[in-house]
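S.K.: Below you will find the structure I want to go over with you.
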Amino acid sequence: MNIALTHLQRLEAESIHIFREVAAAFAKPVMLYSVGKDSSVLMHLAMKAFYPAKPPFPFLHVDTTWKFREMIAFRDQMAQKLGFDLLVHVNEDGVRDNINPFDHGSNTHTHVMKTVALRQALDKYGFDAAFGGARRDEEKSRAKERIFSFRNAQHVWDPKNQRPEMWKIFNTRIATGESIRVFPLSNWTELDIWQYILQDDIPIVPLYFAKERPVVERDGMLILKDDDRMELRPGEMVENRLVRFRTLGCYPLTGAIESDADTLEAIVGEMLTARTSERQGRLIDRDEAGSMEKKKREGYF
Amino acid sequence: MRHITAESLAPTDGIRDYLAVQEQKSLLRFLTCGSVDDGKSTLIGRLLSDTKQIFEDQLSALERDSRKHGTTGDDVDFALLVDGLEAEREQGITIDVAYRFFATPKRKFIVADTPGHEQYTRNMATGASTADLAIVLIDARQGVLRQTRRHSIIASLLGIRQIVLAVNKIDLVGFDKAVFERIVEDYRQFSHKLGFETIVPIPMSARYGDNVSSRSAQTEWYSGPTLIEHLETVSVDEAVVELPFRFPVQYVNRPNLDFRGFAGTIASGSVSPGDEVVVAKSGKSAHVRRIVSHGGDLSQAVAGQAITLVLDDEVEVSRGNMLVSPAARPQVADQFAANIVWFDEHALLPGRSYILRTETDQTSATVTDLKYRVNVNDFAHEAAKSLEMNEVGICNISTRAPIAFDTFAENRTTGAFILIDRITNATVGAGMILHSLRRAENIHWQSLDVGKNGRADLKNQRPAVFWFTGLSGSGKSTIANLFEKKLFATGRHTYILDGDNVRHGLNRDLGFTDADRVENIRRVAEVARLMADAGLIVIVSFISPFSAERRMARELMASGEFVEVFVDTPFEECARRDPKGLYARALNGEIKNFTGVDSPYEAPENPEIHLKTLGKSAEEMVEALELWLNERDIAENQYDSGGGI
């Protein structure tokens with residue numbers, strides 16, 4: 001009998017196991033849906049884990065109001081197609097104060113519209129476990145995080161004092177107000193994600209595929225001018241270039257790369273020969289040394 | 001994976017072919033361990049670098065960090081690649097395990113880089129628990145150290161059978177063959193009892209890459225494999241599929257009345273539709289009707305797959321139970337012996353109640369007997385009353401409800417558990433089951449015809465356990481005594497268990513250490529339970545300083561029967577009253593482990609009755625207790641008469 005599971009089968013089984021463990025052990029779980037490729041894989045795995053039932057938890061999108069328009073359209077289309085319960089949360093205080101990446105910089109914008117917004121949403125609904133799509137190969141402090149990652153009642157992560165995590169026996173016990181962030185994709189690499197998208201034909205936002213798009217060169221990055229809120233600085237101009245995105249976030253903070261990869265195979269081919277890591281296109285990681293760890297301690301995913 | 005070039009890939013078809021090859025690769029999970037400064041993180045940095053896993057932007061960030069925090073002079077400090085936490089980079093040490101990923105043309109790897117400091121041993125154990133192989137690093141200048149031994153023992157306990165002995169920094173001893181051979185001999189001497197199947201020693205310099213991915217010109221005397229060669233070819237045990245079928249039920253999937261599926265991950269063996277399976281705890285059997293999956297039903301599923309089973313019979317199965325092969329069943333018992341690795345700064349105390357968690361089951365458990373502690377230097381079995389952080393011991397464990405298990409030697413998945421502190425919810429220990437205890441098999445509950453309700457009805461009362469807790473001299477005994485007199489006068493059947501009195505008899509063998517205090521309370525709680533079962537109103541008057549034990553007592557009693565009474569008198573007042581002259585002596589240092597002086601008192605957070613004694617008489621206190629009891633009985637009578645029959 002052919003019994004050896006492939007690498008992807010092992011990863012898939014591990015993720016499904018994690019999903020079910022949370023559904024069985026927590027009163028009010030939620031899945032953080034960021035609309036990116038990792039979220040697409042996460043959603044696909046959640047559908048598999050509970051088949052023929054639907055996932056027994058809602059999906060939450062923290063909308064910074066600066067996401068690419070194509071992401072929002074894709075999000076609503078997926079919610080309708082798969083029939084899951086979609087919650088959208090916006091930090092209305094931030095909207096009132098007109099917090100935005102152009103005037104306030106990536107740090108303040110991300111903190112107010114993402115980190116604080118996420119904490120607001122978790123408190124508002126009283127979620128005790130939240131799934132996220134983070135992978136350990138993305139960044140150094142993520143490589144250190146447990147699959148079941150404890151947060152105190154203030155949503156704070158204490159990286160120096162993590163619970164031991166033995167075998168597949170997860171400690172799911174928390175006191176009132178505390179919560180767990182759960183990362184079913186911890187052991188997946190970027191290549192695994194693409195390979196799985198290809199194998200299972202998982203829908204992703206079209207922004208990942210190369211296309212002529214109106215971009216502006218700014219601070220060494222190619223920024224897509226997604227709407228009129230982006231004002232040109234002196235000397236800047238909008239050019240149509242053949243570009244695509246390796247990661248997705250707020251459009252003013254996410255750099256495009258020049259590429260003609262317009263199929264999944266071509267994307268994987270490009271990735272295999274890439275000379276920079278995927279987070280390189282993200283402004284928020286470069287603000288200061290150890291910036292991801294700092295954001296995570298404050299409650300960022 | 002990334003050492004292929006664009007030119008070597010034809011578009012599209014080439015990628016599909018490439019991915020098909022990737023798909024067939026096997027996966028090896030390993031960890032690096034050993035003492036601090038033996039170069040574990042440097043080795044991983046070297047492996048990532050040699051297998052082209054480091055991107056240009058990461059390399060430039062690394063060069064920048066090396067100048068700021070590095071410990072290697074002008075060279076790139078690879079350790080900074082894996083020491084991802086700020087505190088780690090600042091202190092130049094590894095605190096927690098980091099997981100890294102790389103691949104060669106032959107295999108994919110997940111490596112856990114674990115900390116060498118003794119205080120972070122639990123993070124090393126975390127990394128080891130999912131590993132198939134351990135690389136034990138040794139600094140060639142230092143030889144086998146205490147942490148080398150401790151990590152080797154933990155790796156062995158956690159079931160790792162493949163060891164690579166990386167004798168690192170061989171450049172710093174002039175690539176000396178004699179040094180290498182002496183260290184290897186030392187290690188073999190020490191580890192021959194640990195049950196490793198293979199120990200592959202390799203002389204290496206992680207910093208300069210000698211014998212990591214390429215053979216060193218400096219060690220011509222060495223004819224074995226390079227590290228990468230060995231990792232690519234070492235055989236990983238896949239025999240778990242050949243073991244008997246074990247399916248811990250994780251989640252019951254019941255979207256509607258027509259579908260009832262049991263979801264879980266197969267721990268061992270395989271299953272097909274039509275197979276007979278047995279429910280481990282009840283012995284009931286059924287046949288598998290379907291193996292449901294998102295992409296259509298499966299004709300077979302094997303160990304490691306996360307599946308959903310539908311059975312042909314409506315048997316009772318819930319989370320925590322196991323579906324198993326009828327021919328080879330697991331053990332079901334509530335007493336067993338296990339190896340324990342302790343993680344918490346608060347020591348393991350025999351008699352204290354912890355939460356025991358297996359992959360899907362959970363119950364409360366106590367260590368009934370700490371048989372011995374293992375000395376990590378010479379494996380000597382040492383008598384011990386408690387297990388401190390990072391210590392290893394063999395214990396007898398008793399659980400409140402039976403669990404289904406195999407021995408850890410037979411099955412790494414169904415033979416393992418963790419222990420969780422009931423108050424802090426911290427993961428305080430890991431356990432590997434050795435064997436069930438015969439006495440569990442031979443002692444059965446004798447079913448009796450006269451029941452608790454009958455005994456209580458005859459006395460025309462409802463049983464209750466009033467558990468008085470408070471400092472010495474707080475007034476517990478005085479209030480308890482008066483309370484019993486009042487109850488007695490109204491025709492109730494009562495008994496007082498008094499701390500001092502019980503220590504003259506049942507508990508005369510116990511002292512005042514934390515471990516003995518825990519056992520003291522456990523015995524009294526069990527006695528109180530028997531008395532409540534006899535229909536009595538029991539008044540327990542014990543300092544009972546630890547909330548964990550009071551909670552254990554609460555959980556022993558029927559719901560609503562346990563009444564925690566906090567006799568709340570401030571320390572200064574108790575010391576002033578000092579009815580037995582004990583505070584004066586304790587404050588003079590003449591009595592050790594005195595509660596409130598040099599032993600802690602954990603005040604109840606939500607007692608049923610909170611008696612603040614300052615300025616109040618004992619009579620007033622007792623009135624509050626009587627009121628509570630009367631209200632409960634009235635409430636229960638209403639409930640009873642409203643409930644029919």
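The values are calculated or read from the model by the stated rules, or taken from the named source; none is laboratory data. This is a predicted model, so every value here is computed, not measured. So basically every Cβ, Gly included, is an ideal-geometry build from the backbone, and we count neighbours across all protein chains shown.
S.K.: For A:Glu258, indicate whether it is within 23 Å of the chain's Cα centre (by Cα) and within 24 Å of A:Pro101 (Cβ to Cβ).
M.R.: Yes: the conditions hold for A:Glu258.
S.K.: B:Ala365 passes all but one of (1) within 11 Å of chain A (Cβ to nearest Cβ); (2) in contact (Cβ under 8 Å) with a residue 24 or more places away in the chain; (3) surrounded by 17 or more Cβ atoms within 10 Å (Cβ to Cβ); which number fails?
M.R.: (1)
S.K.: Restricting the stretch A:122-149 to residues that are farther than 19 Å from A:Phe57 by Cβ and touching a strand residue (DSSP E or B) at 6+ places or on another chain (Cβ under 6 Å), which is modelled with the highest pLDDT?
M.R.: By that ranking, first place goes to A:Arg136.
S.K.: Considering only the stretch B:262-290, state which residues are crowded, with 20+ Cβ neighbours inside 10 Å and of a type in the set (A, V, I, L, M).
M.R.: Of everything in the stretch B:262-290, those that are crowded, with 20+ Cβ neighbours inside 10 Å and of a type in the set (A, V, I, L, M) turn out to be B:Ala263, B:Ile266, B:Ala267, B:Val271, B:Val277, B:Val278, B:Val279, B:Ala280, B:Val288.
S.K.: Within the stretch A:233-258, work out how many residues are part of a loop (DSSP other than H, G, I, E, B) and touching an Asp or Glu at 6+ places or on another chain (Cβ under 6 Å).
M.R.: Final tally of qualifying residues: 2.
S.K.: Here's a check for you: in the stretch B:291-323, which residue that is more than 11 Å from chain A (Cβ to nearest Cβ) and assigned to a strand (DSSP E or B) is farthest from B:Arg412 (Cα to Cα)?
M.R.: If we take residues in the stretch B:291-323 being more than 11 Å from chain A (Cβ to nearest Cβ) and assigned to a strand (DSSP E or B), then B:Leu311 is farthest from B:Arg412 (Cα to Cα).
S.K.: Show the residue pairs meeting these rules: Cβ distance below 9 Å; 6+ apart or different chains; first residue within the stretch B:123-138 and more than 17 Å from B:Phe109 (Cβ to Cβ) and within 14 Å of chain A (Cβ to nearest Cβ); second residue of a type in the set (Lys, Arg) and outside any loop (DSSP other than H, G, I, E, B).
M.R.: Qualifying pairs under 9 Å: B:Met124/B:Arg150.
S.K.: A further question on this structure: Return the only residue of A:Leu60, A:Leu87, A:Leu32 being touching a Pro at 6+ places or on another chain (Cβ under 8 Å) and either away from chain B (no Cβ under 14 Å) or free of Cβ contacts under 8 Å to residues at least 12 places away in the same chain (or both).
M.R.: A:Leu87
S.K.: Further question: Among residues belonging to the stretch B:252-290 that are among the polar types (S, T, N, Q) and more than 9 Å from every other protein chain (Cβ to nearest Cβ), point out the one that is nearest to the chain's Cα centre (by Cα).
M.R.: B:Ser268
S.K.: Among what's in the stretch A:253-263 and is of a type outside the set (Ser, Thr, Tyr) and surrounded by fewer than 21 Cβ atoms within 10 Å (Cβ to Cβ), pick the residue that is farthest from the other protein chains (Cβ to nearest Cβ).
M.R.: That would be A:Leu253.
S.K.: Moving on. What number of residues within the stretch B:183-213 satisfy the criterion of being without any contact (Cβ under 8 Å) to a residue 40 or more places away in the chain, surrounded by fewer than 21 Cβ atoms within 10 Å (Cβ to Cβ) and of a type outside the set (Phe, Trp, Tyr)?
M.R.: The number of residues fulfilling the criteria is 10.
S.K.: One residue is enough: does the stretch B:150-165 have a residue meeting the conditions part of a loop (DSSP other than H, G, I, E, B), modelled with pLDDT of 90 or more and over 19 Å from the mean Cα position of the chain (by Cα)?
M.R.: yes
S.K.: Hey, another quick one. Examine the stretch A:182-198 for a residue that is charged (D, E, K, R), in contact with a Ser or Thr (Cβ under 6 Å, 6 or more places away or on another chain), buried (at least 21 other Cβ atoms within 10 Å of the Cβ) and more than 7 Å from chain B (Cβ to nearest Cβ), and state whether such a residue exists. I'd like the intermediate steps shown before the answer.
M.R.: Filtering the stretch A:182-198 for residues charged (D, E, K, R) gives A:190, A:192.
From what is left, the residues that are in contact with a Ser or Thr (Cβ under 6 Å, 6 or more places away or on another chain) are none.
No: zero hits.
S.K.: Does the stretch A:211-223 contain any residue that is modelled with pLDDT of 90 or more, assigned to a helix (DSSP H, G or I) and either hydrophobic (A, V, I, L, M, F, W, C) or under 19 Å from A:Arg136 (Cα atoms) (or both)?
M.R.: Looking through the stretch A:211-223, none of the residues is modelled with pLDDT of 90 or more, assigned to a helix (DSSP H, G or I) and either hydrophobic (A, V, I, L, M, F, W, C) or under 19 Å from A:Arg136 (Cα atoms) (or both).
S.K.: As an exercise: evaluate B:Tyr18 against (1) out of contact with any strand residue (DSSP E or B) (no Cβ under 7 Å at 6 or more places or on another chain); (2) modelled with pLDDT under 75; (3) of a type outside the set (A, V, I, L, M, F, W, C) and give the number of the one condition it does not meet.
M.R.: The failed condition is (2).
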